[in-house]
1. Taking into account only those residues within the stretch 58-78 that are of a type in the set (S, T, N, Q) and more than 12 Å from the ligand (Cβ to nearest atom), which is farthest from H136 (Cα to Cα)?
2. Give me a count of the residues in the stretch 241-274 that are polar (S, T, N, Q) and buried (at least 17 other Cβ atoms within 10 Å of the Cβ).
3. Let me spell it out: the conditions are (1) more than 15 Å from the ligand (Cβ to nearest atom); (2) crowded, with 24+ Cβ neighbours inside 10 Å; (3) of a type in the set (G, A, S), and G163 meets all of them except one. Which number is the exception?
4. Please determine, by comparing only the residues of the stretch 187-223 that are part of a loop (DSSP other than H, G, I, E, B) and out of contact with any helix residue (DSSP H, G or I) (no Cβ under 6 Å at 6 or more places or on another chain), which one is surrounded by the most Cβ atoms within 10 Å (Cβ to Cβ).
5. Whether any residue in the stretch 213-227 is within 13 Å of the ligand (Cβ to nearest atom) and not small (G, A, S) is what I want to check.
6. Return the only residue of A252, A231, A170 being within 16 Å of the ligand (Cβ to nearest atom), touching a Ser or Thr at 6+ places or on another chain (Cβ under 9 Å) and within 21 Å of G62 (Cα to Cα).
7. In the stretch 1-36, how many residues are outside any helix (DSSP H, G or I), under 25 Å from P238 (Cβ atoms) and among the hydrophobic types (A, V, I, L, M, F, W, C)?
8. In the stretch 83-115, how many are outside any loop (DSSP other than H, G, I, E, B) and of a type in the set (A, V, I, L, M)?
Amino acid sequence: MRLLNPGPVTLSERVRRSMLAPDLCHRESEFFDLQDEARRRLLATYAIDPAEWCAVLITSSGTGAVESMVSTLVPTDGRVLVAENGVYGERIAQICARYRISCERMAGDWLAALDLAAISRRLEHAPADGGARFTHLAVVHHETTTGRLNDLRALGDLCRQHGAKLLVDAVSSFGAEPLEFGDDSLAAVAATANKCLHGVPGVAFAIVRRRALERAASRAYYLDLARCAAAQDRRDTPFTPAVQAHYALVEALREHAEQGGWMARHRRYAALAEQVRAGLDRLGIAALLPPEESSVVLRSYCIPANTAYATLHDGLKARGFVIYAGQGNLAQRLFRISTMGDVSAADIDRLLESCGELLR
Ligand SMILES: *Cc1c(COP(=O)(O)O)cnc(C)c1O
């Protein structure tokens with residue numbers, strides 16, 4: 001079966017086998033060697049300066065890392081502007097609400113780019129409205145709802161201009177899309193093992209500026225990023241980690257580096273995504289967004305008239321492919337295809353052939 005959903009991904013044999021390594025007690029040096037290697041390799045993925053940043057591992061899915069980042073790093077007197085254009089942006093606002101973090105939502109059209117001018121005005125004028133200044137702007141890098149890649153560089157510029165810090169959900173982009181850790185406004189990025197890095201579900205992480213941890217509010221108990229960072233820095237762990245998922249993450253990071261790092265993965269995904277787009281276009285299935293607004297990780301396509309999503313999904317599943325439905329109010333209109341994981345050009349050829357058979 002080839003998984004074309006946005007994680008968990010189809011594993012390489014190498015990563016699958018890595019989980020058969022010896023059983024480990026998480027309080028023995030062997031586990032801490034594994035933890036150290038994962039943290040070191042996560043920083044190396046984007047040549048991130050270990051003097052300024054640290055990678056903090058959390059046993060959870062990607063949402064746990066996002067929740068951990070937001071609930072820990074926004075100071076007690078902080079205020080967050082959440083710029084949303086999809087389900088995952090909405091989720092950040094829901095996390096803020098749950099922790100009673102002062103937050104304002106800028107809910108944009110799910111089919112449109114973020115309105116940079118409006119975000120800039122909001123960051124600039126908040127004090128004049130009598131409200132507190134926004135300390136943070138929270139955004140999703142790759143909004144998996146539609147496949148849109150939000151413009152982090154422009155959002156970072158706005159933050160620097162208005163003295164806010166950027167919190168990024170890069171769960172579905174880390175390892176395959178550009179991230180600039182040299183941007184002074186960037187406070188933290190949350191991501192997971194089982195998307196573009198090709199590990200398994202169970203371990204997620206945040207890349208955090210050490211300075212941002214100094215003002216941590218640490219609202220959560222299990223998800224306290226500051227406590228996890230301190231423990232991991234002294235080769236310790238507060239709780240029982242998903243040991244086998246750590247084995248898989250380390251093996252996946254070795255494979256990622258050997259295959260040429262994030263840029264090579266970006267090129268590989270881009271070629272596969274273009275192959276899907278061009279092939280579906282020939283079958284009369286249009287892409288939702290133009291390639292220049294899309295990630296290379298996942299793209300959305302319009303369900304052809306007189307075809308039900310279930311027909312397409314079930315027919316492809318019988319032929320060995322799992323595709324992904326649209327979310328929320330887009331479920332009737334769209335389906336999604338991700339090219340993450342151990343997927344080849346030959347797999348995509350077979351997928352397109354299968355689509356052709358089903359539409360005939
Ligand atoms: C997958 C994803 C998440 C996290 O989802 P989990 O099911 O918790 O792993 C968060 N944000 C984005 C943008 C995602 O694509």
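1. In the first step, residues of the stretch 58-78 are kept if they are of a type in the set (S, T, N, Q); the result is 59-61, 63, 68, 71-72, 76.
Cutting the leftovers down to more than 12 Å from the ligand (Cβ to nearest atom) gives us 59, 71-72, 76.
Details: T59: 25, S71: 12, T72: 13, T76: 12 Å.
Checked the stretch 58-78; the qualifying residue farthest from H136 (Cα to Cα) is T59.
2. Number satisfying all stated conditions: 1.
3. Among (1) more than 15 Å from the ligand (Cβ to nearest atom); (2) crowded, with 24+ Cβ neighbours inside 10 Å; (3) of a type in the set (G, A, S), the lone unmet condition for G163 is (2).
4. Restricting attention to the stretch 187-223, the residues satisfying the condition of being part of a loop (DSSP other than H, G, I, E, B) are 193-203, 215-223.
Still in the running and out of contact with any helix residue (DSSP H, G or I) (no Cβ under 6 Å at 6 or more places or on another chain): 194-196, 201, 215, 217, 221-222.
Values: N194: 27, K195: 29, C196: 33, P201: 18, R215: 16, A217: 17, Y221: 10, Y222: 14.
Ranking the qualifying residues of the stretch 187-223, first place goes to C196.
5. Of the residues in the stretch 213-227, the ones within 13 Å of the ligand (Cβ to nearest atom) are 223.
Next cut, not small (G, A, S) only: 223.
Yes, the stretch 213-227 contains a residue that is within 13 Å of the ligand (Cβ to nearest atom) and not small (G, A, S).
6. Numbers: A231 fails: within 16 Å of the ligand (Cβ to nearest atom); A170 fails: touching a Ser or Thr at 6+ places or on another chain (Cβ under 9 Å).
Result: A252 is the single residue among A252, A231, A170 that is within 16 Å of the ligand (Cβ to nearest atom), touching a Ser or Thr at 6+ places or on another chain (Cβ under 9 Å) and within 21 Å of G62 (Cα to Cα).
7. Going residue by residue through the stretch 1-36, those that are outside any helix (DSSP H, G or I) are 1-12, 19-28.
Those still in the list that are under 25 Å from P238 (Cβ atoms) too: 19, 21-28.
Remaining after also requiring among the hydrophobic types (A, V, I, L, M, F, W, C): 19, 21, 24-25.
Adding up the residues that qualify gives 4.
8. Pass one, the stretch 83-115, residues outside any loop (DSSP other than H, G, I, E, B): 83-84, 87-98, 102-107.
Keeping just the survivors that are of a type in the set (A, V, I, L, M) gives 83, 87, 92-93, 95, 97, 106-107.
Count: 8.
The values are calculated or read from the model by the stated rules, or taken from the named source; none is laboratory data. Bear in mind the structure is a predicted one, so any value in this text is a computation, not a measurement. Positions of Cβ are generated from backbone atoms using ideal geometry, with glycine treated the same way; all protein chains shown enter the neighbour counts.
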